[in-house]
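Data first, discussion second: the structure below is written as structure tokens.
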Amino acid sequence: MNDSDIRPGQAAAPFVHPALFYGSRDEYVDGVGGFVRAALRMSAPTLVAVPGDRLEDLRRGVGEAFGSVVSADMTELGRNPGRILSRLREFAAQHPGRHVQIVVEPIWAGRSPAEITEATRHEALINLAFQGKAATILCPYDLAGLPKEVVEDARRTHPALTENGTTTASDCYTDPAEMSARCDLPLADAVPVQRFDYGRGQLGEVRDLVQAWAATTGLDSVRISDFVLATGEAAANSILHGGGCGTLRLWSENGAAIAEIQDSGRLSDPLAGRARPGPASANGGRGLWLIHQLCDLVETRATATGLTLRLHMTVPPHHG
């Protein structure tokens, strides 16, 4: 691929969202590096958020010019896929009136199935969040390292596909809201060690229960505070928007402390919590945004019977 195969900001539509499929590191540096070099030649605001090892590949491949790029290690920024979109929207907002160029790789080899589901949801929601906006968002996919079904979903979440140096329209692109709904798969069964059915006036009890239980998990004091705050926000949303009551369940699994909040609420806006709230934002948007920032993974399930949030906080491996 040469630098002109993907031309940031020069398509007929203001928003362009291609998936780039690569099979080797050389293909990665060639394809993604070409995109970045083309963006820099246009003096376009450019953000690159990819896993750290790929970031180093691009630094070497692009050379000194890469210093003009805003970069982030996706394994940190996107540890919880639910916080990625907020960062992309912030970057775009920092450059009003300009066509921004973004490389974002939310799914890489080694992601857990739960993380991949939420990252796939994120990929679908990009199309809603940036509809009609001046942005090109290129998403690389590792053909050698990712399961076939992940690559097939990428064809559904991206209106355009770049393969072997050629960009074409995806013939299986799917409506973003429908794709997000497809991610509402049944959550894996769990056996909670604590359960509490709460209602109005009991948020203090929810926080106290989480605080006491989290202290037994190996989380440090800062992460315990984050966990209590996130769970408290989720429970508060139950009171305000989920019928006035909900159920809290707590357990540990796969090296993480987990709190699940279930209520009869609805998620009317699939983008709720995926943009930094302003001072006048409703509590629901503020609470969901804060939950995404604090937790290492947030599994969201919006179904006909209600809303479930499963909040994960990673426990340091040295515990125990």
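The values are calculated or read from the model by the stated rules, or taken from the named source; none is laboratory data. The structure displayed is predicted, hence computed values, not measured ones. Positions of Cβ are generated from backbone atoms using ideal geometry, with glycine treated the same way; all protein chains shown enter the neighbour counts. Areas reflect the complete protein model, heavy atoms only, side chains present, ligands, DNA and RNA absent. Shrake-Rupley method; radii C 1.70, N 1.55, O 1.52, S 1.80 Å.
Name the pairs: first residue in region 181-192 and under 11 Å from Thr303 (Cα atoms), second residue of a type in the set (Asp, Glu) and at pLDDT 95 or above, Cβ to Cβ under 8 Å, at least 6 apart or on different chains?
Cys183/Glu118
Can you tell me how many residues in region 73-118 are within 21 Å of Thr314 (Cα to Cα), open to solvent by 50 Å² or more (accessible area, probe 1.4 Å) and not in a loop (DSSP other than H, G, I, E, B)?
Within region 73-118, residues that are within 21 Å of Thr314 (Cα to Cα), open to solvent by 50 Å² or more (accessible area, probe 1.4 Å) and not in a loop (DSSP other than H, G, I, E, B) number 3.
Of the residues Ala212, Ala144, Ala230, which single one is open to solvent by less than 20 Å² (accessible area, probe 1.4 Å) and either part of a loop (DSSP other than H, G, I, E, B) or modelled with pLDDT of 95 or more (or both)?
Ala230 is the lone residue from the list that is open to solvent by less than 20 Å² (accessible area, probe 1.4 Å) and either part of a loop (DSSP other than H, G, I, E, B) or modelled with pLDDT of 95 or more (or both).
Considering every residue within region 178-186, establish whether at least one is of a type in the set (D, E, K, R), under 26 Å from Ala124 (Cα atoms) and open to solvent by less than 80 Å² (accessible area, probe 1.4 Å).
yes
Could you look through region 240-255, keep only residues that are buried (at least 20 other Cβ atoms within 10 Å of the Cβ) and either without any contact (Cβ under 8 Å) to a residue 40 or more places away in the chain or aliphatic (A, V, I, L, M) (or both), and pick out the one that is nearest to Trp213 (Cα to Cα)?
Filtering region 240-255 for residues that are buried (at least 20 other Cβ atoms within 10 Å of the Cβ) and either without any contact (Cβ under 8 Å) to a residue 40 or more places away in the chain or aliphatic (A, V, I, L, M) (or both), the one nearest to Trp213 (Cα to Cα) comes out as Leu250.
Determine whether region 124-132 contains at least one residue that is closer than 21 Å to Asp57 by Cβ, buried (at least 17 other Cβ atoms within 10 Å of the Cβ) and in contact (Cβ under 8 Å) with a residue 40 or more places away in the chain.
In the first step, residues of region 124-132 are kept if they are closer than 21 Å to Asp57 by Cβ; the result is none.
No, region 124-132 contains no residue that is closer than 21 Å to Asp57 by Cβ, buried (at least 17 other Cβ atoms within 10 Å of the Cβ) and in contact (Cβ under 8 Å) with a residue 40 or more places away in the chain.
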